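Q: After the structure tokens below, expect a handful of questions from me.
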Amino acid sequence: MFDYDICVIGGGGRVGLPLSIAFADKGLNVIVLDNNNRILQLLSSGIMPFNENGCDEKLKRVLNKTLHPTSNLNMITKSKFVLVTIGTPIDEHLGPRNSDIYNLFNDISPYLVDGQIVILRSTVLPGTSKNLNRIIHRIKAKVSITFCPERIAEGKALQELEELPQIVSGFDDHSINEVCQLFRNLTSEVIVLDPMEAELAKLYTNAWRYIQFAVANYFYVVADKIGLNYHRIYKAITYRYPRAAGLPGPGFTAGPCLLKDTMQLLAFTGNTFYLGQAAMLINEWLPNYIVDKLKANYDLSSKNVGILGMSFKAESDDERDSLSFKLKKLLEFEVAKLYCSDPYVKRDYFVEPEELLEHSDIIIIATPHDRYRRLKISKDKILIDIWNIASHYDFNTAHLK
């Protein structure tokens, strides 16, 4: 009945593309549907539009065989499964922007046909799957809606798609069984939940991680304010002590999911998720803390400052919601000259790390890329290394006096 197994909407993105490649590599016929012409041109040439471990080789292997990039909406009609992976951002008030997902369904509903199963992969406000199921059934009674949250760490998609259990939810046994069989092409373990349970599971997962990072960042600030090396304390309490093993190290906590999903949960609870709100205030405040501490101890107008690392996490080219850019914005009108560098993110005004080290009086490691561990940082520089990756450096001298 259908010419293709899966049509992935938003298929050229960081969630959709690795998933598309993974399914295509298992022999399923996959449509990568995207409206970004630059991404489609790159994919058609066998080039990944972003870094994702293992995808470059597999893309070349499956391209135009079992994986087909296109912007043609008619390809939705030809696919058994329609998998939605568009972003679900928060608005300027840190509330969920629900209109994006509803507008998408309004756009694609003319292309849906009887017997199709729609898989929501995007994070949604709890209850959204139920609402969409009701809306779609009014106009397409024989189209099924399911929700299967994405829980993959960026950079580890191909690995974790096979290693992690997949959560599946839906509104009828047939579509649930079909989607379970689909994901068993990638992983042997599938967990079935009710749709709202699955929606909350996704939000809980990222909110929990966000809160953990906030605790670590606040512990860092408490110790740093009184002139102590937090990393000595951290190593002491985590060394061979299993009950502290889950405590992460401090550092900028950002990216397109953790804050957004925590704020989605805050909105869903009627702004009573106080732990999530506190975590947001702590994590988003950390760049301000660094700048305020520097201003209190140095005349920044006479100092050149360098920011090493502009992506939101190590070994990534993803700059979305990176706190490095917030730090840059806070510093650029305070310092004599500001330098920025990143091996993965590109900007015309970025410089090589060697130039940054040479000309900067103050150096801030904002993103802990592995290559920064090998940098030779002169001890006459003021080093701010929350992550403690410059282990060759006497960290005690990095504390502001």
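Q: Going through region 249-272 one residue at a time, which ones are part of a loop (DSSP other than H, G, I, E, B) and under 11 Å from residue 210 (Cβ atoms)?
A: Residues of region 249-272 part of a loop (DSSP other than H, G, I, E, B): 249-257, 269-272.
253, 254, 255, 257, listed by residue number.
For every residue, the table says whether it meets (1) more than 23 Å from residue 197 (Cα to Cα); (2) surrounded by 15 or more Cβ atoms within 10 Å (Cβ to Cβ).
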{"site": "63", "(1), (2)": "yes, yes"}
{"site": "70", "(1), (2)": "yes, yes"}
{"site": "74", "(1), (2)": "yes, no"}
{"site": "93", "(1), (2)": "yes, no"}
{"site": "114", "(1), (2)": "yes, no"}
{"site": "118", "(1), (2)": "no, yes"}
{"site": "130", "(1), (2)": "no, yes"}
{"site": "134", "(1), (2)": "no, no"}
{"site": "141", "(1), (2)": "yes, no"}
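Q: Residue 19 - would you say it is touching a Pro at 6+ places or on another chain (Cβ under 8 Å) and of a type outside the set (S, T, N, Q)? Lay out the reasoning, then the answer.
A: Values: touching a Pro at 6+ places or on another chain (Cβ under 8 Å): no; of a type outside the set (S, T, N, Q): yes.
It is false that residue 19 is touching a Pro at 6+ places or on another chain (Cβ under 8 Å) and of a type outside the set (S, T, N, Q).
Q: Based on what the data block shows, is residue 356 more than 19 Å from residue 89 (Cα to Cα) and either buried (at least 22 other Cβ atoms within 10 Å of the Cβ) or under 17 Å from the mean Cα position of the chain (by Cα) (or both)?
A: Values: more than 19 Å from residue 89 (Cα to Cα): yes; either buried (at least 22 other Cβ atoms within 10 Å of the Cβ) or under 17 Å from the mean Cα position of the chain (by Cα) (or both): no.
So residue 356 does not fit the description; no.
Q: Can you tell me how many residues in region 327-348 are over 11 Å from residue 306 (Cβ atoms), more than 25 Å from the chain's Cα centre (by Cα) and of a type outside the set (Gly, Ala, Ser)?
A: 3
Q: In region 16-65, which residue that is small (Gly, Ala, Ser) and over 19 Å from the mean Cα position of the chain (by Cα) is farthest from residue 6 (Cα to Cα)?
A: Pass one, region 16-65, residues small (Gly, Ala, Ser): 16, 20, 22, 24, 27, 44-46, 54.
Subsequent filtering for residues that are over 19 Å from the mean Cα position of the chain (by Cα) retains 24, 27, 44-46.
On the way: 24: 9, 27: 11, 44: 18, 45: 21, 46: 20 Å.
Step by step, filter region 16-65, then rank; the result is 45.
Q: Tell me, yes or no, whether region 59-67 has at least one residue that is at pLDDT 95 or above, touching a strand residue (DSSP E or B) at 6+ places or on another chain (Cβ under 7 Å) and either farther than 22 Å from residue 120 by Cβ or not aliphatic (A, V, I, L, M) (or both).
A: Initial filter on region 59-67 (at pLDDT 95 or above): 59-67.
Subsequent filtering for residues that are touching a strand residue (DSSP E or B) at 6+ places or on another chain (Cβ under 7 Å) retains 66-67.
Retained after the next criterion (residues that are either farther than 22 Å from residue 120 by Cβ or not aliphatic (A, V, I, L, M) (or both)): 66.
So far as region 59-67 goes, yes, one or more of its residues are at pLDDT 95 or above, touching a strand residue (DSSP E or B) at 6+ places or on another chain (Cβ under 7 Å) and either farther than 22 Å from residue 120 by Cβ or not aliphatic (A, V, I, L, M) (or both).
Q: Based on this model, can you work out whether residue 372 counts as in contact with a Pro (Cβ under 9 Å, 6 or more places away or on another chain), in a helix (DSSP H, G or I) and of a type outside the set (A, V, I, L, M)?
A: Here the answer is yes, as residue 372 does meet what is asked.
Q: Starting from residues that are part of a helix (DSSP H, G or I) and of a type in the set (D, E, K, R), keep the ones in region 163-209 and report whichever is surrounded by the fewest Cβ atoms within 10 Å (Cβ to Cβ). Break it down stepwise before answering.
A: Quick first cut of region 163-209, residues part of a helix (DSSP H, G or I) only: 163, 173-183, 195-209.
Then keep just the ones that are of a type in the set (D, E, K, R); that gives 163, 173, 178, 197, 199, 202, 209.
Working: 163: 12, 173: 9, 178: 18, 197: 14, 199: 26, 202: 24, 209: 17.
Taking the candidates together, the pick is 173.
Q: Which residues, taken from region 143-161, are without any contact (Cβ under 8 Å) to a residue 40 or more places away in the chain and surrounded by fewer than 19 Cβ atoms within 10 Å (Cβ to Cβ)?
A: 153, 160
Q: Sticking with this one: Yes or no: residue 72 modelled with pLDDT of 95 or more, within 30 Å of residue 254 (Cβ to Cβ) and of a type in the set (S, T, N, Q)? Explain how you work it out, then say what you get.
A: Numbers: modelled with pLDDT of 95 or more: yes; within 30 Å of residue 254 (Cβ to Cβ): no; of a type in the set (S, T, N, Q): yes.
Judged against the criteria, residue 72 is not a match.
Q: Okay, moving on. Quick one: which residue in 169, 144, 122, 109 is in contact with a Leu (Cβ under 6 Å, 6 or more places away or on another chain), among the small types (Gly, Ala, Ser) and in the same structural domain as residue 35 (by TED's automatic domain parsing)? Let's see the steps before the verdict.
A: Values: 144 fails: in contact with a Leu (Cβ under 6 Å, 6 or more places away or on another chain); 122 fails: in contact with a Leu (Cβ under 6 Å, 6 or more places away or on another chain); 109 fails: in contact with a Leu (Cβ under 6 Å, 6 or more places away or on another chain).
Only one candidate qualifies: 169.
The values are calculated or read from the model by the stated rules, or taken from the named source; none is laboratory data. Source: prediction; values computed, not measured. Every residue, glycine among them, receives a Cβ derived from its backbone with ideal geometry; neighbour counts consider all protein chains shown.
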